[in-house]
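Structure, as C-alpha cells:
Bear in mind these aren't lab numbers, they're just calculated from the coordinates by the rules spelled out. For clarity, every value in this text was computed on a predicted model and none was experimentally measured. FYI the Cβ positions are ideal-geometry reconstructions off the backbone, even for glycines, and counts take in every protein chain you see.
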Amino acid sequence: MKLSFVLLEAWNGVRRNVSMVVSVILVTLVSLTFVGSAALLQLQIGNMKSYWYDKAQVAVYLCTQYSTLGSCDQQEAGDDQIAAVQAQLESDTLAPYIDKWYFENHDQAFENFTSQFKGSPVVDLVTPDLLPQTFWVNLKDPTQSAIVFEAVGGMSGVESVVDQRSYLDGIFSMLNAASLTAVGVAILMLVAAALLIATTIRLSAFSRRRELAIMRLVGASNWYIQTPFILEGVVAATIGSLLACGAIAVIVIFFVDGYLANALPTTSFVQLADAWFVFPGLLVAGAVLAASSAYVAISRYLRV
Amino acid sequence: MIRFDGVSKVYRSGNRPALHDATLEIKPGEFVFLVGASGSGKSSFLRLILREERASAGQIHVLGQELGRLSNRKVPFYRRNLGVVFQDFRLLPTKTVFDNVAFALRVLGKSEAFIHDAVPEVLGLVGLGNKENRLPHELSGGEQQRVAIARAVVNKPAILLADEPTGNLDPTTSAGIMDVLRNINTAGTTVLMATHDTAIVNDMKRRVVELREGRIIRDEAGGTYETRANPVVSFTDAQPLRADSQPIVVEPLDFDPIPAFDPMSPTSEALDLSYLDRIEEDDK
C-alpha cells in the first residue's frame, strides 16, 4: 500500500469538505480549550494546596477580657495559664509533631493586624487588648492538627484552636467546582465534536461513493478504504487541538502571567512550563476522539 | 468453480424470497447466461456470488471458498478473484480511460511499473488501445462499457460477472461487447452474464439458466432465450391478441405469457412492485 496515495486521498477529502472541516476544527478547538483549562485549573489547585497548606498554621487563641468562648469567662489568660499551654506544647507527647511554635502577645498581634488591614477603617476600631494573645504552631505534618486540638483545646485560658487550613478548604472547593464545570462543558462539547466528525466523514464518503463502490468491487482492503477517512478526521481534529493549545498558551501568558500574577503577587500561578505538560494530552485526546468516531462512521457506512 | 446448494435469499423488506432453493454448478471456463424477468432474482444471484449479500439458507462455494464462512475482513481479498461489469458502466467521470483502469490496480497497491504494462495491454484487448487519455464522457456507450470491462479483467480474475452489460447499448454495439466477452472467455475466464437481450442469447448458443420468481426453472446447454414451454411475449407479439382493445403498454420482457392478462387481477404480477425496493438497495 502506498502511503502517499492514502495521504493524498485524505488531503482531497479535507479540501472537498472545507466548511465541515472548519466546523470540526472550531468545535475541537473550543472543547479542548475547556479540557485544557480544567486540567490547568487542577494543576493550579494542586500548586496552591501544597503552597498554602505548608504555610498554614494552627492558632491557639488565648482568652481576652472580652471573650466568653471556650473556657474563657471574660478573664484575660493569666501567666500561669500561658505557661501551662507552653509546657504542653513542649511536652514529650506533642513536641515530636511540632516543627516550631512562637508566642504572639497583644502588641505584636495588633502590629500584624494593622499591617494586614492597612487602609481599612476597621483598624481604627481595634485596640491591642481586643486581639487575643496567640501561640502559632507549625506542624511537621499539617494534616495532624487534631493532636493540637486534643492536647490544648480544653485547657483553661484557651479560647479556641483554629487550623488555618479550614479557611483554605472553602476556596479550594470553589476552584474545584469551577474546574468540574469546565470538564462538564468540555464533555458536552466533545460529544458534539465526535458527532460532527462522524457526520463530516459520512458526507465525505457520500461525495466519494463512486470511488468507494469501485474500490469495494475490485477488492481494495478495508484498511485501504478507511484510512483516508480516518486521517481526514484526525487531520481536522489535530488542527483544532493545535489551536486549542495556542489558545491555552495565550490564556496562560496574557491572563495568568500578565494579569493575575501582577494582581496577586503573593500567589504562585501556573506557568507556561506547566501548560507544556497539558498540550501532548490535548493532541492525543483530539486525535483519538477523531480517529475513533471517524472509524465508527466509515465502518457503518461501508458495512459489507 | 461456482456451486449453489439449495440457496435461498430473503430480503428483510421483501415478502417473497428473491432466490428460492437454487442449486447450480458452473464449471471453469464456462460461459453462462442468466435470464429472466426483472425481479426474477438475477441480480440477487450475482450479488450473492460477489458476497454483497449472504445467503439466507443453503451454501455457496466459489473458487473453493464457502461464502457463508468468509469473514468480512477477507471479503476484499476474495473479490480480487472476480471482475464485475454493470449496465451503467460505473466509470469515474474525472479520470481518463487509463486512470479508470489503473484505479483498480492502484487501490490494490500494485507498482506503477506493473500498471504501465498491464493497462495498455488490457485496453488493447478490449479494442481501446488508442483512447487511453480520453475522459469517459468523450466516449460512446459501447466504448465506455469496454473501459469497464478492461477495468474488470485487468487483474486477471478467474470469474467475470456481467449484470446486463448490453442493457444500454444498441444491437451493433452490443455485438462488439459480446465479442470482447467471448475473447475473455476463450482466454480461460469463466463468464456469468445476466441479460434481457434475446438476440445475444440466441446467437451465442451457450448455457442458459432461467430464473422466475427466484426459482431456477431452466438450465439448458446451448440454449436460447425462449423455449416452447416459456415463450416470451413481446409488445409486438401481444398486439394481435388484443387487436380490438387499446394497446397495453408493457415493458417487453417483464412478463410471462399473458394471453389472459388482466391488470386488475389481484394476483397480477404487474402490481407487484416489491422489486423496486431491491433496485433502491442496489443504488445505495
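Arrange B:HIS20, B:HIS137 by Cβ neighbour counts within 10 Å, fewest through most, would you? Don't skip to the answer; put the middle values down first.
On the way: B:HIS20 20, B:HIS137 8.
Fewest-to-most Cβ neighbours within 10 Å comes out as B:HIS137, B:HIS20.
Under 25 °C and 0.890 mPa s, how fast does the stretch A:57-163 diffuse according to Stokes-Einstein, given a Kirkwood radius computed over C-alpha pairs? Answer in µm²/s, whole number. Write out the running numbers ahead of the final one.
Details: Rh = 14.3 Å.
Translational D for this selection: 172 µm²/s.
Between B:LEU92 and B:ARG134, what FRET efficiency comes out of the Förster formula 1/(1 + (r/R0)^6) with R0 = 22 Å and r the beta carbon distance, rounded to 0.05?
Details: r = 13 Å, r/R0 = 0.59.
E(calc), rounded to 0.05, equals 0.95.
Given a 10 angstrom Cα cut-off, can you work out which residue in A:PRO132, A:PRO228, A:PRO121 is the most mobile in a GNM of chain A?
A:PRO121
By counting other Cβ atoms within 10 Å of each Cβ, how are A:THR227, A:THR127, A:THR64 ranked from fewest to most?
Working: A:THR227 22, A:THR127 9, A:THR64 19.
If I rank by nearby Cβ atoms, fewest first, I get A:THR127, A:THR64, A:THR227.
Quick one, what does Rg over Rh come out to for the protein assembly as shown if you take C-alpha atoms and the Kirkwood Rh? Walk me through the intermediate numbers first.
Working: Rg = 41.8 Å, Rh = 31.4 Å.
Reported Rg/Rh, Kirkwood definition of Rh: 1.33.
Whole Å is fine, so just give me how far the alpha carbon centre of the stretch A:1-76 lies from that of the stretch A:148-191.
Answer, in whole Å: 17.
Determine by what factor the alpha-carbon radius of gyration of chain A differs from 2.2 N^0.38 Å, reporting the quotient.
Numbers: Rg = 31.0 Å, N = 304, 2.2 N^0.38 = 19.3 Å.
That works out to 1.60 for chain A.
Could you work out, residue by residue across B:104-111, how many beta carbons of other chains sit within 10 Å of that residue's beta carbon, and then give the average as an integer?
Details: counts 6, 1, 6, 14, 7, 6, 1, 1.
Mean inter-chain Cβ contacts per residue within 10 Å come to 5.
Using the structure shown, list the pairs from B:LYS42/B:LYS110; B:LYS42/B:LYS205; A:LYS55/A:LYS118; B:LYS74/B:LYS110; B:LYS110/B:LYS205 with a Cα-Cα distance above 29 Å, or answer none.
Numbers: B:LYS42/B:LYS110 33 Å; B:LYS42/B:LYS205 19 Å; A:LYS55/A:LYS118 22 Å; B:LYS74/B:LYS110 19 Å; B:LYS110/B:LYS205 38 Å.
The answer is B:LYS42/B:LYS110; B:LYS110/B:LYS205.
Would you calculate the separation in nanometres between label points at A:VAL288 and B:ASP219, each defined as 7 Å from the Cα along the Cα-to-beta-carbon direction?
In this crude spin-label approximation the distance works out to 5.5 nm.
Of A:SER91, A:GLN133, A:SER145, which is farthest towards the positive pole of the stretch A:57-163's charge dipole, taken about the Cα centre with +1 and -1 on the beta-carbons of Lys, Arg and Asp, Glu respectively?
With unit charges placed on the Cβ atoms, the residue in question is A:SER145.
Looking only at other chains, what is the average number of their beta-carbon atoms within 10 angstrom of each beta-carbon in A:218-227? Let's see the in-between values first.
Working: counts 17, 13, 9, 9, 4, 2, 5, 2, 0, 0.
Mean shielding count: 6.
What is the extension gain from A:ALA261 to A:ASP124, computed as 0.36 nm multiplied by their sequence separation minus the C-alpha to C-alpha distance, in nm to one decimal?
Values: separation 137, 0.36 × 137 = 49.32 nm, distance 3.09 nm.
Going from the current span to full extension adds 46.2 nm.
Rounding to the nearest 20 debye, state how big the charge dipole of the protein assembly as shown is about its Cα centre with +1 on each Lys and Arg Cβ and -1 on each Asp and Glu Cβ.
On the way: 50 positive and 62 negative charges, 698 e Å.
For this selection, approximately 3360 debye.
Each label point is 7 Å from the Cα along the Cα-to-Cβ direction; what then is the distance between the points at B:ALA187 and B:ASP203, in nm?
2.1
Distance between the C-alpha centers of the stretch B:1-69 and the stretch B:133-170? Whole Å please.
Between the Cα centre of the stretch B:1-69 and that of the stretch B:133-170, the gap is 23 Å.
How much of the DSSP bridge set in the protein assembly as shown is antiparallel, in percent, rounded to the nearest 5?
Working: 32 of 51 bridges.
Looking only at bridges with both residues in the protein assembly as shown, the antiparallel portion is about 65 percent.
For peptide A:207-214, what's the mean number of Cβ atoms from other chains within 10 Å of each residue's Cβ? Intermediate results must be reported in sequence, preceding the final value.
On the way: counts 0, 1, 2, 5, 5, 0, 3, 10.
Per residue, the average neighbour count from other chains is 3.
Taking the Cα atoms of the stretch B:1-144, report the difference between the largest and smallest coordinate on each principal axis, in whole Å and largest first.
Projected onto the principal axes, the Cα atoms of the stretch B:1-144 cover 47, 31, 30 Å.
Check the straight Cα-Cα distances from B:LYS27 and name the lysines below 16 Å, setting aside those fewer than 8 residues away within the same chain.
Answer for B:LYS27, where 16 Å is the Cα cut-off: none of the lysines qualify.
Listed highest first by mean packing, meaning other Cβ atoms within 10 Å per residue, what order do B:144-153, A:252-261, B:207-216 come in? Write down the numbers at each step before the final one.
Working: B:144-153: 25.9, A:252-261: 14.5, B:207-216: 20.5.
Top to bottom by mean Cβ count within 10 Å: B:144-153, B:207-216, A:252-261.
What fraction of the Cα pairs in the stretch B:139-199, stated in percent, has a spacing above 18 angstrom?
Working: 504 of 1830 pairs.
Every Cα pair in the stretch B:139-199 considered, those over 18 Å come to 28 percent.
Taking the mean number of other Cβ atoms within 10 Å as a proxy for protection, how do you rank A:148-159, A:85-96, B:33-44 from highest to lowest? Before the final figure, lay out each step's value.
On the way: A:148-159: 17.9, A:85-96: 13.2, B:33-44: 23.8.
For the peptides A:148-159, A:85-96, B:33-44, the packing ranking is B:33-44, A:148-159, A:85-96.
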